[in-house]
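Visitor: First the structure, which I've put down as structure tokens, then a few questions once you've had a look.
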Amino acid sequence: MSSSEPVSEETEPMHVNAAPRKPQILLAASGSVAGIKFGNLCHCFSEWAEVRAVATTASLHFIDRASLPKDVVLYTDDDEWSSWKKIGDNVLHIELCRWADIMVIAPLSANTLGKIVGGLCDNLLTCIVRAWDYSKPLFVAPAMNTFMWNNPFTERHLMLIDELGISLVPPVTKRLACGDYGNGAMAEPSVIYSTVRLFLESKTQQGGSNIQ
């Protein structure tokens, strides 16, 4: 589906007594070879939720657009600028923040992790994170080389995102794309999906959401 489709400003308010609706999930990919699994991730979520997707310029080197579900709109940095013409027009990263109940960044690269903890917002994805309402869940699934994962900067950055309330889906140990064996590979899409779904179903059972 074309990313030129406008983002609707209408989102049902999350009242406890309102009729249940599908969750609205914003999936985002940053520049990592694990982006080859992004289509699979979108398929996992689209069977359960309404899904919109965001991709950084670097991630497009790995994402096969044809692998995405046909009803999932993929937004890129170009859409951030082309959708705004004059004062009063909708700002894409703000509208996506308003639309989404949950955001999931998978894969999260070392570079984008560093940008998030520094508050940088130089592309569509990081602008969404900078504008995000942290009363809503935000999950990240890192993907990077073992040397980068074990680097002291990563430990510091993970502590900071935890303080923000961002939930971590930890990487796994396996043979990496570069040939090295170690920790740093992105969790499988099925694991990311089940982690988010179980979290939301738990919140629903506690009476904190009207989402199915």
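The values are calculated or read from the model by the stated rules, or taken from the named source; none is laboratory data. Owing to the predicted nature of the structure, the values given are computational and were not obtained by experimental measurement. Here the Cβ is made from the backbone with ideal geometry for all residues, glycine too, and neighbour counts use every protein chain on show.
Visitor: Pick from W81, W99, W132: which is at negative phi and at pLDDT below 95?
Guide: Only one candidate passes the filter, namely W81.
Visitor: For region 31-74, how many residues meet the condition of being under 22 Å from R21 (Cβ atoms) and modelled with pLDDT of 95 or more?
Guide: Count: 18.
Visitor: Moving on. crowded, with 17+ Cβ neighbours inside 10 Å and out of contact with any Gly (no Cβ under 8 Å at 6 or more places or on another chain): which single residue out of V172, V140 fits that description?
Guide: V140
Here is a yes/no grid of residues against (1) touching a His at 6+ places or on another chain (Cβ under 6 Å); (2) aliphatic (A, V, I, L, M):
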residue	(1), (2)
A58	no, yes
P69	yes, no
T76	no, no
W81	no, no
V91	no, yes
L108	no, yes
T112	no, no
